[in-house]
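Shown next, in structure tokens, is the structure this report addresses.
The values are calculated or read from the model by the stated rules, or taken from the named source; none is laboratory data. These numbers come from a predicted model, not from an experiment. Note: ideal-geometry Cβ built from the backbone for every residue, glycine included; neighbour counts use all protein chains shown. SASA here: full protein model, heavy atoms, side chains in, ligands and nucleic acids out. Shrake-Rupley method; radii C 1.70, N 1.55, O 1.52, S 1.80 Å.
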Number of protein chains: 4
Amino acid sequence: MEKNTPKKRLRELGIRFGDHTPGTYNNITDVPGVKVGHYTLEEDQPVCLRTGVTSVIPADGNLYVSPVYAAAHTINGYGKSTGLIQINELGGIETPILLTNTLNVGNVSRAVVDHVIAQNEDCVTVNPAVGECNDYRLNHIRTESITKEMVFDAVGNSTSGEIQTGAVGAGTGMVCFGYKGGIGSASRIIMLDGEPYTIGALVLSNYGDINELMIKGVRIKPYYSNQESAEVKGSIIVILGTNIPMTHRQLLRLSRRAAFGIARTGGRCAHTSGEIVISFSNGNRRLRKSNAQLQTIRTLQEDGDTTKLVFNAVIDCVEESIIDSMFSARTVKGVEDTVIHELPIDRIMQDYGEQLLED
Amino acid sequence: MEKNTPKKRLRELGIRFGDHTPGTYNNITDVPGVKVGHYTLEEDQPVCLRTGVTSVIPADGNLYVSPVYAAAHTINGYGKSTGLIQINELGGIETPILLTNTLNVGNVSRAVVDHVIAQNEDCVTVNPAVGECNDYRLNHIRTESITKEMVFDAVGNSTSGEIQTGAVGAGTGMVCFGYKGGIGSASRIIMLDGEPYTIGALVLSNYGDINELMIKGVRIKPYYSNQESAEVKGSIIVILGTNIPMTHRQLLRLSRRAAFGIARTGGRCAHTSGEIVISFSNGNRRLRKSNAQLQTIRTLQEDGDTTKLVFNAVIDCVEESIIDSMFSARTVKGVEDTVIHELPIDRIMQDYGEQLLED
Amino acid sequence: MEKNTPKKRLRELGIRFGDHTPGTYNNITDVPGVKVGHYTLEEDQPVCLRTGVTSVIPADGNLYVSPVYAAAHTINGYGKSTGLIQINELGGIETPILLTNTLNVGNVSRAVVDHVIAQNEDCVTVNPAVGECNDYRLNHIRTESITKEMVFDAVGNSTSGEIQTGAVGAGTGMVCFGYKGGIGSASRIIMLDGEPYTIGALVLSNYGDINELMIKGVRIKPYYSNQESAEVKGSIIVILGTNIPMTHRQLLRLSRRAAFGIARTGGRCAHTSGEIVISFSNGNRRLRKSNAQLQTIRTLQEDGDTTKLVFNAVIDCVEESIIDSMFSARTVKGVEDTVIHELPIDRIMQDYGEQLLED
Amino acid sequence: MEKNTPKKRLRELGIRFGDHTPGTYNNITDVPGVKVGHYTLEEDQPVCLRTGVTSVIPADGNLYVSPVYAAAHTINGYGKSTGLIQINELGGIETPILLTNTLNVGNVSRAVVDHVIAQNEDCVTVNPAVGECNDYRLNHIRTESITKEMVFDAVGNSTSGEIQTGAVGAGTGMVCFGYKGGIGSASRIIMLDGEPYTIGALVLSNYGDINELMIKGVRIKPYYSNQESAEVKGSIIVILGTNIPMTHRQLLRLSRRAAFGIARTGGRCAHTSGEIVISFSNGNRRLRKSNAQLQTIRTLQEDGDTTKLVFNAVIDCVEESIIDSMFSARTVKGVEDTVIHELPIDRIMQDYGEQLLED
């Protein structure tokens, strides 16, 4: 299998999206408390597996005891992600968010249950949040390949700071605009009342037609003719995280902006696309139990200027995260010797560099 | 036209709904800051008009400058109420809430615009909240009968304390379970963190089949055979108000409980029913403009015990408000000499008193 | 463990809900093509298990190749049911619908995947529909107790005609209004254009306060003081099936009427309640693949009279199904020797028989 | 006031969006039965009025008696459009769709009521569909300027074939990306089962930041520095029409694709944006009354290939309609001598022609 050479990230190449400044690592872990981990599964026998699981931990501490504020939004619902209904009813997430392939959602979901009840002795109900895309082009998806141990491993190795992106974890077998996609991430810093806050996105990209890719509005010609279109089973999961204190309704508004980031890359929201956005804020914490019947929280002042900062940061983060997932992925060979090539970055910089480097 | 003799309210007759204690007046104005006003229009020439407009002012002060928190929920959407989309996008209401008949929503809505821009010099956009039911059985509804002055009058005469219910204001021509319905209201006091808070409901009732009426679970036989069924154009608008500080999502959850109050009266949510719930909390105020980009608000701690208090109070208030709308209405004769009789309270107390007086 | 003596059903006792005539078996299998099966799990060692799985197969033939029309509606979303998003995006169901306990949704979901891919060689994506309630009061729910074989067994033994109800399958450990609940079902026949059509409901009942139970509007006093309230973790799943050809939007309207049936039993939609409705019609079939780009289907003419037939049948079926779940359940002793008593039918008939037998 | 010289349309300049062929007139009236009309109001005394009303009639015949199938979708709900709730409950539209300015929705709505009841003697309920954007930058919006006669005029002069676009009707005072916007339209022909079908869009454009405009992915630099940003009160109404027979759910899916067309022009869905999509199909007609209780309709086969045709046509139509609204608008001077310049087409063709003319 191909080697995972670290690549230059978009900013190192000089490609910037939008006006806001990224966080230290330009990924979702720039949001204080957020951690990301992966388990990557690549085997050739007995069946070809190119898949995995990715964990996004939205905050420090016991999430089951003090969930983060959250909202879920469905752009197109041809998808099997779980947990969304309760996220919207209660406005919170009480587990790590796991990403994996379509047919392994059930077993991964059960693994999340095991993870939470192991830590919470009295727990008799918990709502696992699991997102998915379909990696059948490279992975023998019909196999129940993701074990509980892999899920525990991804959660357990989750870290802040630098994270792996591209063909890693749940992104191992994903295809974006006909090129190798997978995990991508970006972040932005916003000043509110004189204090810095962070917004981050992490995507699992697996959608798009090779003839439709746009980077910063520049339409990129197809570099390969023999790659299967990603349209048929394509999807994208977007996770938005922030430490800006926001209510459920505000997080829902944030979530609805993700489609504008997807569209800016050329996405057209195909019939079979499971396009799901899960947003969380750890700027307030919900409490499973409390002696007080009323709580004090903080919330965003929703005028045009403040929301413009926030909404634009979200759109920029989503756009950059998707492009990042392709710029950081390597070529992967999978089932039936299918090869999905990585984006030919050198040729793209040669052909479109001038436009891509513009501000 | 019939005389509007004040009647005994349900509690004076000994009929109680649920465990919580009502507020002083047992109506929505028990919520501090809430005011209610009516304009009743009854004319026989040139066409028979039995209609009107009812105003519910959700809080003190300039609502346009500092809106209340709010949410809107549609149980069945065969209805023409306006303003609901923005209420849910921003989680707030910025005008008095007006109730009227179906075909006069447009002109009443424009009157609300006039009311708000008169008070706010710079206002170039405002979202009027107007609910409606169809009073065509008693009222010549095709006539554009409600003038701006009537709307201003209803808003202007809105008061706290005791309010008129029954065949008054927007309720003048409404029919509920085949009997005269219209405006009804109730309230409950809840203790949270040792302090009293109030939840109130006000309904515009205009739905139900005469064979289906239930009061406190007691099925009431039809006392008239010649009354036209209210099923065909029936609807109900429920306004829920509280000073408990709640977010949009929490108010939406409150709103969804209204259906359970409606169902307890025998309502079955007919095809043509516009069943709309508008909920507001003046326990926090939104700010149109603010120097601060983050605000501090209070919110309900959503555990099982606290929400049970709140949700049950809502269901009890809605149930009682609907029955109140019938117990306080008088017989009305309208278009083509149609008579819609008031509920025969004496006979009901005689036939079902024992069960109705049970706790 | 207690013996499962067949009990008289409600109609045999003379208790009828609404005007419409039930189908032959008065359950959801009266809808042509619908089958129901159970796997009941009752073990005392090593942990006390009182749980199971119930299968509702919505139509004959390969559901993955030709899904039924369907819609899903959330009354209160404190629940972990899966598959709802895609049901609403595509308006269809492509698997058997499985019911089980809250923490076993993931593994049951994966079992449904295995069931479908075993039958469909090319299947690389499928959307399992799994509903749940929480049986922790009687069952050691933290155990991953439901195996794939149990799911396959429930699906495999699904039959038309008579079905088991009460403390069986997914209903084994459920509690309704403080009494033993679980699976209940009912059906109604409706004439449309001179032809008979069937509407059926099947519920998994697990909600309600012992002080709130109503049967046909009659409030039933609590017969036990020592039973734990079902409020805290209560939920209900309602499955509505019909052969009336209906579109997604029409099935959604149907689904929203279920709340009115629940409310008629005294349900108040508690905070922690996962109240989910899944509706399907096998009167039209969707096609995964087709040479034609346009299809001809039939749909309900939505005027007041026709929808009244349909909506009222739904409300009656849901109300009767819930009461049926209690009338057919036996007493069950579970974890920590907790005993949840069956409804004392003889005493109820003695105390309330006259009212319950009224039409 | 400026003269309305007819301009070359995009296709005449050689600018094409997407692969599908437009209809004869490349606007929404290419959909058989659809008509469009305008009333343009430009007065300088006593206040400066730059506003109007636009009518889109979705089909031939009496819409109240046989409504078209329809769906409404809210991208961002900071808007006052009316009728959307009932459109989604019943899946139909029963009136002409009117577009106007924000504060005149109420009176225009009442005018639609008058229009419908004049034609339907027994009508006692009707659901007017009225969309709006805010033209306060050029128009004295606080004035109740739109009279019933203007609405009747716009409806009455609605025609098929060629239509006026740009600063006309409801578009008279609108601003798009800082340039003069307003009404734009486009259409596409799609072959289904060997027969041609048409999809059309008509937009009322009033959103966007002058620094964000993209045409076919090409970012257009701001040509004016002194134009007020359109961000603050910006909005867009999208009307999608087709004769492809589609159900409500399918029209809702269509509607959700509009956001991808908006995003392709650089739209970012600002806080104050009322972004509303109303979609209709006249390929089936609903019937207010019918002797039959079941109807036969046709519907789209929703596989990946067929939906790709339809969804991409929608996205292309929306993108082109928005750009069309700017390319066809003239410079308008309005309140307080504010001048909103038309897009400098010659300079754009000079600066970006090569890229814009690419396929």
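List the GluC sites (Glu not before Pro) in the range D:4-45 that DSSP assigns to loop (not H, G, I, E or B) and whose Cβ has at most 14 other Cβ atoms within 10 Å. Which are they?
Counting only loop positions with at most 14 other Cβ atoms within 10 Å, none of the GluC sites (Glu not before Pro) in the range D:4-45 qualifies.
If you put a point 7 Å past Cα along the Cβ direction, how far is that point for D:ASN62 from the same point in each other copy, in nm, smallest first?
4.9, 5.0, 6.9
What's the average, rounded to a whole number, of partner chain beta-carbon atoms within 10 Å of each residue's beta-carbon in D:100-107?
6
Just checking the output field for C:253-261: average partner chain Cβ neighbours within 10 Å of each residue's Cβ?
Average neighbour count from other chains, rounded to a whole number: 5.
Two decimals, Cα atoms only, Kirkwood Rh: what is Rg/Rh over chain C?
With Rg and the Kirkwood Rh in hand, the quotient comes to 0.96.
Please list A:LEU41, D:LEU252 from largest to smallest accessible area, probe radius 1.4 Å, with all protein chains kept in place.
Final ranking, largest accessible area leading: D:LEU252, A:LEU41.
Report the local net charge at A:GLU89: Lys and Arg +1, Asp and Glu -1, summed over other residues whose C-beta lies under 9 Å from its C-beta.
Counting the neighbours of A:GLU89, the net charge comes to +2.
Looking at the protein assembly as shown only, what percent of DSSP beta bridges run antiparallel? Nearest 5 please.
Of those bridges, close to 80 percent are antiparallel.
Could you name the aspartates and glutamates in cross-link range of D:LYS35, using Cα to Cα under 14 Å and dropping any fewer than eight places away on the same chain?
Cross-link targets: D:ASP60, D:ASP153, D:GLU162.
Size of the dipole of the range A:178-326 about the Cα centre, Lys and Arg at +1 and Asp and Glu at -1 on the beta carbon, nothing else charged, in debye to 20?
440
Heavy-atom accessible area of D:HIS140 with all protein chains present, probe 1.4 Å, nearest 10 Å²?
Roll a 1.4 Å probe over it and D:HIS140 shows about 70 Å².
Nearest 5 percent is fine: what portion of the DSSP beta bridges confined to chain C is antiparallel?
Restricted to chain C, the bridges split so that about 80 percent are antiparallel.
Between A:MET191 and B:THR296, how high is the FRET efficiency from 1/(1 + (r/R0)^6) when r is the Cβ-Cβ distance and R₀ = 22 Å? Nearest 0.05.
Computed FRET efficiency for A:MET191 and B:THR296 comes out at 0.70.
Among DSSP beta bridges whose residues both lie in the range D:77-214, state the antiparallel percentage, nearest 5.
75
When the dipole is taken about the Cα centre of the protein assembly as shown, and only Lys, Arg (+1) and Asp, Glu (-1) are charged at their Cβ, what size is it in debye, to the nearest 20?
0
Over all residues in B:119-131, what is the mean tally of Cβ atoms on other chains that come within 10 Å of each residue's Cβ?
4
For the protein assembly as shown, what ratio Rg/Rh do Cα atoms give with a Kirkwood hydrodynamic radius?
Ratio of gyration radius to Kirkwood radius: 0.95.
Starting at the first residue of the range D:24-36, write each ³J(HN,Hα) from the Karplus equation 6.51 cos²θ - 1.76 cosθ + 1.60 with θ = phi - 60°, in whole Hz, x for Gly and Pro.
The phi angles translate into 3, 9, 6, 8, 5, 6, 5, 6, x, x, 7, 10, 10 Hz.
Measuring from the axis that superposes chain D on chain C, report the chain D residue with the minimal C-beta distance, rounded to whole Å.
So the chain D residue sitting closest to the axis is D:THR247, 2.
Roughly how big is chain D's charge dipole about its Cα centre, with Cβ charges of +1 (Lys, Arg) and -1 (Asp, Glu), in debye to the nearest 20?
That gives chain D a dipole magnitude of about 400 debye.
So how far apart, in nm, are the two label points at A:ASP337 and C:VAL65 if each is 7 Å from Cα heading toward Cβ?
Label-label distance for A:ASP337 and C:VAL65, simple model: 3.2 nm.
For the range C:107-193, what does the equivalent ellipsoid look like in terms of its semi-axes, each the square root of 5 times an eigenvalue of the Cα gyration tensor, given largest first in whole Å?
Semi-axes from the Cα gyration tensor: 26, 23, 11 Å.
How much net charge surrounds B:ASN107 when only other residues with a Cβ under 10 Å from its Cβ are counted (Lys, Arg +1; Asp, Glu -1)?
+2
Would you calculate the separation in nanometres between label points at A:ARG11 and D:LEU287, each defined as 7 Å from the Cα along the Cα-to-beta-carbon direction?
Roughly 6.5 nm, to one decimal.
Using a 1.4 Å probe and ignoring any ligands, DNA or RNA, find the accessible area of A:ILE85 and quote it in Å² to the nearest 10.
We get 40 Å² for A:ILE85.
So what does C:TYR179 come to for accessible area, using a 1.4 Å probe and Å² rounded to 10?
0
Could you give me the ³J(HN,Hα) list for the range D:160-172, computed from phi with Karplus coefficients 6.51, -1.76, 1.60 and θ = phi - 60°, whole Hz, x at Gly and Pro?
8, x, 5, 9, 7, 10, x, 7, 9, x, 4, x, 3
Which one of D:CYS317, D:VAL238, D:LEU294 is farthest out on the positive end of the charge dipole of chain D, using unit charges on Cβ (Lys, Arg +1; Asp, Glu -1) and the Cα centre as origin?
D:LEU294
Number of Lys-Lys pairs in the range D:214-359 under 27 Å by Cα, sequence gap 8 or more or different chains?
The result is 5.
Among A:SER279, A:MET214, A:GLY33, pick out the residue whose Cα is farthest towards the positive end of the charge dipole of chain A, where Lys and Arg carry +1 and Asp and Glu carry -1 on C-beta, about the Cα centre.
A:SER279
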